[in-house]
Amino acid sequence: MEQTVITTEHGSGGAATAALIDGIFAKAFDNPVLAQMEDSAVVPGAGEIAVTTDSFVVDPLFFNGGDIGRLSVCGTVNDLLMRGAEPKYLTCGFILETGLLVEELKRIAASMAATAKEAGVTIVAGDTKVVEGGGGLYINTAGIGFAQGREIGARQIQPGDVIILSGNLGEHHAAILSERLSIDTDIASDCAPLVEMVRALMTSDVTVHAMRDITRGGLATILKEMAETSGLTFELKESCLPVTPKVRDFCGLLGLDPLYMGNEGKMAVMVPESDADEAIRLIRASAYGAHAAVVGRVSAGEPGQVVVETAVGGRRNIDVLRGEGLPRIC
Amino acid sequence: MCVALPGTVISCDGDSAVVDFSGNRVRAKTGLVDVAPGDKVLVHAGCVLQKMREEEAVELERLFKELGDVG
Amino acid sequence: MSDEALAAVKARLKAYDGPRMRIMEVCGSHTAAIVKNGIPGLLSKQIELVAGPGCPVCVTPTDYIDRLIALSQEENTCVVTFGDLLRVPGSAGTLMQAKNAGGRAEMVYSPFDILAMAQAEPATTFIFAAVGFETTAPVYALLLDQIVEAHIENIRFLTALKTMPPVIDALCAGGADVQGLIAPGHVAVVIGSDAFKPLAEAYQLPFGVAGFSGMHLLYAIDGIVRARGRGTVMNFYPEAVTPTGNVKAQDLVAKYFEPGDALWRGIGVIPGSGLFLKPAVQCFDMGSQALQHDHPMNAACRCGEVLRGAIAPQDCPLFKTACTPLHPQGACMVSAEGNCLSVYNQN
């Protein structure tokens, strides 16, 4: 009889493990490379290789707008994209806790497969371990992409660049928090692979100086880090920051600042002012980019400062997120 | 910590009400204020603290006129 | 009010060249809103904003934190608090450290969440760390009302409730260099704007009751500057604040609490500035009256002077050296509404 929950037997390395891998992962991620079931995957590729890895421990496993599986593909794919690389291959390592429902694992594997397909990547290797626990699940993914020979990164940012945001702030973070608090809201996670908008920028005449996806710590944290790396000042206009009234009030209820809320399908892009209109047009025409906006600009000013012009015309400096106690959002 | 946010009462049920904040709904205790659906209220720590009034603009204009008179 | 009216207010505040005005905001949420809106940069050099003792977490004495830590470590108890309190240093450590070492402390957004917790675990005593000012006191009173009515046996309170008029009185009587006050908006929602009248008149200072948006604050500051030297209370938050406040809430607070002398972190005892459970409901108290000591973890911490507006956070020798947001030595560096953290984040 098929077991409905994960037990220590699934981690034995024997028949139960093989059955789990064959029945769930091999089926969901079905492709010729994985199907060889060798100790490592051998894949074609040439040129400069982009490599990244990320682990996902979000709680709850399923949330409005996504699940840990979709998140684990998007996070790694987006990290490859942010260096201008074309994502190609993923590996995934699963740590399963005993008590996890097999049905949930199937849904998560299916979600990973669908997201990988959407992002145009192939899951070519994997691993599964089981630990004693309470039905939890953790995923590590590593990604390989091929760089396009462009220098993209915070060190390329120039004074005069404009800062573009690909969409609304805070949605992933709010969706996760709402699952745990007694706030009834339909805010959905923005968790998404940004392949289409990055490809549109990379194949256009737009000069992209830097890209960074907005994850834990929010826009404030990534911009502060990029400002410090570039040695420049970033000036944001609060009135230009795209935040929906729903997310704004959600933050208000909990005393949170949308600038520090995490996303999982948004990026900040720095381009020369002359390319800003075209960049905005391309992002808005791509999947997940409808609300893209120019939110600020870069100046020589004081090195490493991020300054926000507030709605009433005041100025405040912003810093990276500090403190703890924030729940696991990715 | 004295943060309170204005929302709109959607429904009342015994000692609590459902209050809407731009699409986010929260259950808040109503023991400190009598409220009805449609009321704009201030919510603090899971509790309706006060009903909001409409005459804000008028009162501020009046106050500013007075201040203008004294220089 | 119109955009033109706001523009006129901003122009007036920037151009002000009258006598120097030092204006104190005595609400931590105002301190946070002033920073968030970048208000100081919109004012003339002759107008200085100074934060007062209005962050409830910051004014909580070390004895209180120590007692919470001890309670969290007892058998079958659980301390329930608002988030900021977890990281405030007592005389030897924080509640968060106690929690990580096996103590039991849970964070909630609404005190009413404790009802479900108590119901789910009847053998555990849940202790609410009831800090706050007049805004939050009625919430605890309403919670008590439900506990009493439903005969719930396993909820207790450790209170550190404080009231605003007595501390403002103490600061003014102590000769604080302040020419006007931004009165706490949500405290005023409960106690009414008239509650500040005796103070305004006694010290001939303008009080402006303010809301929490950038616009609210600019209007209030402008009003206070224009009313310089006059003992008057102006209500710039009329959509929520009335002269008499929420009488039903005041009555409920009076049903369960009575005023008493309270200890403020770094400041000392201020007569009549606390709210304590009345004798009839003392059975719900976990020893709030006995908390009489205040020993900062770091003896050089000058939180008290910062809370009184006597020194700026930068004047404390620990600021940005031993005391940082990751290693706070005093409560003002912990809370999002704390004076030191606000200044730290702006430099």
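Please treat every number below as a calculation from the coordinates, not as lab data. What you see is a predicted model; the values in this text were computed from it and never measured. All Cβ positions, even for glycine, are placed from backbone atoms using ideal geometry, and neighbour counts span all protein chains on display.
Just a few scattered comments:
- Cα-Cα separations in the range A:8-146 greater than 22 Å, expressed as whole percent: 35 percent
- Peptide C:111-119 has a mean shielding of 2, counted as Cβ atoms of other protein chains within 10 Å of each residue's Cβ.
- Counted over the range A:107-232 with a bin width of 5 Å, the fraction of Cα pairs per bin, in whole percents, is 2, 7, 13, 16, 18, 18, 12, 8, 4, 1, 0.
- Note on chain C: with a GNM built from Cα contacts shorter than 10 Å, the maximum mean-square fluctuation among C:Cys316, C:Cys58, C:Cys303 falls on C:Cys316.
- Three-way shape label, the range A:76-123, alpha-carbon gyration tensor, a/c 1.5: prolate
- Choice from A:Leu201, A:Leu223, A:Leu254 showing the highest fluctuation, given a GNM over chain A with Cα pairs closer than 10 Å: A:Leu254
- Here the gap between C:Arg20 and C:Ala116, fully extended at 0.36 nm per residue and compared with their Cα-Cα distance, gives a gain of 29.3 nm.
- Rounded to the nearest 20, the Cβ-based charge dipole of chain C about its Cα centre (Lys and Arg +1, Asp and Glu -1) stands at 1020 debye.
- The angle separating the long axis of helix A:218-230 from the principal Cα axis of greatest extent in chain A is about 70 degrees.
- Contour excess over end-to-end distance, with Cα ends at C:Ala299 and C:Ala11 and 0.36 nm allotted per residue: 99.2 nm
- Working from the Cα coordinates of the range C:72-162, the gyration tensor eigenvalues give, after taking √(5λ), semi-axes of 21, 17, 9 Å in decreasing order.
- Seen from every direction in turn and averaged, the convex hull around the alpha carbons of the protein assembly as shown projects onto 34.1 nm².
- Computed from point charges on the beta carbon alone (+1 for Lys and Arg, -1 for Asp and Glu), the dipole magnitude for chain A about its Cα centre is near 460 Debye.
- Helix A:276-285 and the longest principal axis of the Cα set of chain A meet at an angle near 30°.
- Karplus-based coupling profile of the range C:261-278, in residue order and whole Hz: 6, 10, 8, 10, 4, x, 10, x, 7, 10, x, x, 9, x, 10, 10, 4, 5, with θ = phi - 60° in 6.51 cos²θ - 1.76 cosθ + 1.60 and x standing for Gly or Pro.
- Cut-off 12 Å between beta-carbons: net charge of the residues surrounding B:Val41, Lys and Arg +1, Asp and Glu -1: 0
- Of the GluC sites (Glu not before Pro) found in the range A:1-47, those that fall in a DSSP loop while having at most 11 other beta-carbon atoms within 10 Å are A:Glu2, A:Glu38.
- Sorted peptide list for C:265-275, B:28-38, C:199-209, criterion being average Cβ within 10 angstrom, highest first: C:199-209, C:265-275, B:28-38
- Separation of the C:Asp315 and A:Thr203 label points, Cα + 7 Å toward Cβ, nm: 6.4 nm
- Debye intensity ratio I(q)/I(0), log10, the range C:1-125, q values 0.18, 0.19, 0.20 Å⁻¹ (C-alpha model): -0.96, -1.03, -1.11
- Extreme residue, positive dipole direction of chain C, given options C:Pro238, C:Gly192, C:Val79 (C-beta unit charges): C:Pro238
- Projecting the Cα atoms of B:Val43, C:Gly41, A:Ser12 onto the dipole axis of the protein assembly as shown, where Lys and Arg carry +1 and Asp and Glu carry -1 at the beta carbon, places C:Gly41 farthest toward the positive end.
- Angle of helix B:56-70 to the longest C-alpha principal axis of chain B, folded into 0 to 90 degrees and rounded to 10: 30°.
- Cα centroid of the range C:1-40 to Cα centroid of the range A:158-190, whole Å: 30 Å
- Quarter the surface of the alpha carbon convex hull of chain C and you get the mean projected area, 17.1 square nanometres.
- Residues of the range C:90-123 with amide N under 18 Å of the 7 Å Cα→Cβ point at C:His327: C:90-94, C:97
- Count Lys and Arg as plus one, Asp and Glu as minus one, and take only other residues whose Cβ is under 12 Å from that of A:Ala147; the net charge is then 0.
- Near C:Glu106, the amide H atoms lying under 5 Å from its own belong to C:Val79, C:Val80, C:Thr81; only residues 5 or more places off or on other chains count, and H is placed 1.01 Å from N.
- Candidate lysines - alpha carbon under 21 Å from A:Lys88, same-chain residues fewer than 8 apart omitted: A:Lys27, A:Lys117, A:Lys266
- For C:Leu161, the residues whose amide H sits under 5 Å from its own are C:Leu275, ignoring neighbours fewer than 5 places away on the same chain, with H placed 1.01 Å from N.
- On a per residue basis, the convex hull of the C-alpha atoms belonging to chain A measures out at 135 Å³.
- Violating pairs (Cα-Cα greater than 28 angstrom) within the set B:Lys65/C:Lys197; B:Lys29/C:Lys10; C:Lys99/C:Lys248; C:Lys14/C:Lys320: B:Lys29/C:Lys10; C:Lys99/C:Lys248; C:Lys14/C:Lys320
- Where GluC sites (Glu not before Pro) fall in DSSP loop in the range A:69-150, at most 15 other Cβ within 10 Å: A:Glu132
- In the range C:178-234, the alpha-carbon atoms span a convex hull of 60 Å³ per residue.
- Point-to-point label distance, A:Ala35-C:Val281, nm (Cα→Cβ direction, 7 Å offset): 7.1 nm
- ³J(HN,Hα), Karplus 6.51/-1.76/1.60, whole Hz, each residue of the range C:122-135, x for Gly, Pro: x, 7, 9, 8, 9, 10, 7, 7, 8, 9, x, 10, 4, 4
- Kirkwood Rh, Cα atoms: Rg over Rh of the range A:95-170: 1.14
- Compactness of the range A:8-61 is given as radius of gyration and Dmax, 15.0, 43 Å, from Cα positions.
- Peptides ranked, highest mean first, by Cβ atoms within 10 Å: ranges A:300-312, C:80-92: C:80-92, A:300-312
- Residue (of A:Leu219, A:His209, A:Met197) at the positive-pole extreme of the range A:154-232, dipole from beta-carbon charges: A:His209
- Kirkwood Rh in Å, taken over the range A:154-317 so that all alpha-carbon pairs contribute: 15.9 Å
- The range C:303-342 shape via C-alpha gyration tensor axes, a/c threshold 1.5: oblate
- Over the range A:191-330, relative contact order from alpha-carbon pairs under 8 Å, at least 6 apart, %: 41 percent
- Dipole magnitude of the range A:154-317, debye to nearest 20 (Cβ charges: Lys/Arg +1, Asp/Glu -1, about Cα centre): 160 debye
- Each Lys or Arg adds one and each Asp or Glu takes one away; over the other residues whose Cβ falls under 14 Å from the Cβ of A:Thr52, this sums to -2.
- Euclidean distance between Cα centres, the range A:204-258 to the range A:270-300, Å: 13 Å
- At R0 = 30 Å, FRET efficiency that the Cβ-Cβ distance of A:Thr53 and A:Lys27 yields, to 0.05: 0.75
- Amide hydrogen neighbours beyond the local backbone of A:Val5, cut-off 5 Å, H modeled: A:Val102
- Restricting the trypsin sites (Lys or Arg not before Pro) of the range C:277-330 to loop positions (DSSP other than H, G, I, E, B) with no more than 13 neighbouring Cβ atoms within 10 Å leaves nothing.
- Cα-based shape type of the range B:5-70, given that a ≥ b ≥ c are square roots of the gyration tensor eigenvalues and the cut on a/c is 1.5: prolate
- Note on A:Phe62 and A:Ala300: the model spin-label points, each 7 Å out from Cα along the C-beta direction, lie 5.7 nm apart.
- Karplus (6.51, -1.76, 1.60) ³J(HN,Hα), θ = phi - 60°, over the range A:29-41, in Hz, Gly and Pro reported as x: 9, 2, 7, x, 5, 5, 4, 5, 6, 8, 5, 8, 8
- Cα centroid separation - the range A:3-23 against the range C:225-245, whole Å: 70 Å
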